[in-house]
Amino acid sequence: MAEYHLTGPLSEADVRQLRIGDTVYLSGEVFTCRSRLQKYIFDENHTLPFSTENRNILIHNGPIIIRENGAWSLKSFMPTSSIRFEKWGAKSVENWGLRMIVGKTTMGAETAAMMREKGCVHVSPRSVSPNLWIDSIEVQDVHLFDELGSIEAAWFFKVHELGPFLVDIDSTGANFFDRLDGEIAANKEAALRKLGIGEDFSFTKLY
């Protein structure tokens, strides 16, 4: 497993070298997105009001940001589960030219296939509390604040050595969590055999 320190905007070469299990730290300009933004663009046919050409790292995140002394102040940063956005995942990668999606857990087969075609990866925090990373994040701007509200708006961040993140879907389409599920299933089967527990075993139902 390798460790990379990458700066956005990311090139295709940057992400094609990554493999599942690698560790990544991020610097550069990124933007946030949740379900309402993707629904607004892809389902309701609005135009994205900014270019992603030089900002091709997307964070699935609804940050808590307030206005203090005439400036935006980030209070909470916690990437959310990306699998909830699988409906729009492939479209986001293709239409926005994404090279990396940051979020918890993983995404589905359709998004992984588009990542393989276009050169994109998904990464998850290697941390129980990304709120500890707030000092690595500068709030730059916000788009669609009035239309979508603070949590669902597209926030522009500049980050410095943000991470660590685990590469869980790489640009070959390999999925860390799918592989982990297979290992867990095999270990469970071996453990049940060792304990003499039959295949008809079921968990206790309390009610």
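Overview of results
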read-out: Among the candidates Pro49, Pro125, residue that is closer than 24 Å to Ser11 by Cβ and not acidic (Asp, Glu); value: Pro125
read-out: Residue in the range 116-130 that is modelled with the lowest pLDDT, counting only those that are closer than 19 Å to Phe31 by Cβ and not in a strand (DSSP E or B); value: Pro130
read-out: In the range 37-71, residue farthest from the chain's Cα centre (by Cα) [restricted to those that are surrounded by fewer than 16 Cβ atoms within 10 Å (Cβ to Cβ) and outside any loop (DSSP other than H, G, I, E, B)]; value: Glu68
read-out: Some residue of the range 145-152 being without any contact (Cβ under 8 Å) to a residue 60 or more places away in the chain, on the phi < 0 side of the Ramachandran plot and either out of contact with any Cys (no Cβ under 8 Å at 6 or more places or on another chain) or among the aliphatic types (A, V, I, L, M) (or both); value: yes
read-out: Residues being in a helix (DSSP H, G or I) and surrounded by 20 or more Cβ atoms within 10 Å (Cβ to Cβ) - total across the range 97-113; value: 2
read-out: Criterion violated by Phe31 - all others in (1) surrounded by 13 or more Cβ atoms within 10 Å (Cβ to Cβ); (2) part of a helix (DSSP H, G or I) satisfied; value: (2)
read-out: Residue match in the range 17-26 (condition: surrounded by 15 or more Cβ atoms within 10 Å (Cβ to Cβ) and under 19 Å from Asn95 (Cα atoms)); value: no
read-out: Residue that is touching a Ser or Thr at 6+ places or on another chain (Cβ under 9 Å) and not in a strand (DSSP E or B), where the choices are Phe177, Phe157, Phe165; value: Phe177
read-out: Those residues of the range 65-103 which are among the acidic types (Asp, Glu) and at pLDDT below 95, in sequence order; value: Glu68
read-out: Among (1) within 25 Å of Val102 (Cβ to Cβ); (2) more than 16 Å from the chain's Cα centre (by Cα); (3) modelled with pLDDT under 75 - the single one Val139 does not satisfy; value: (3)
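The values are calculated or read from the model by the stated rules, or taken from the named source; none is laboratory data. Keep in mind that this is a model prediction, so the values were computed, not measured. Cβ: placed from backbone, ideal geometry, glycine included. Neighbour counts: every protein chain shown.
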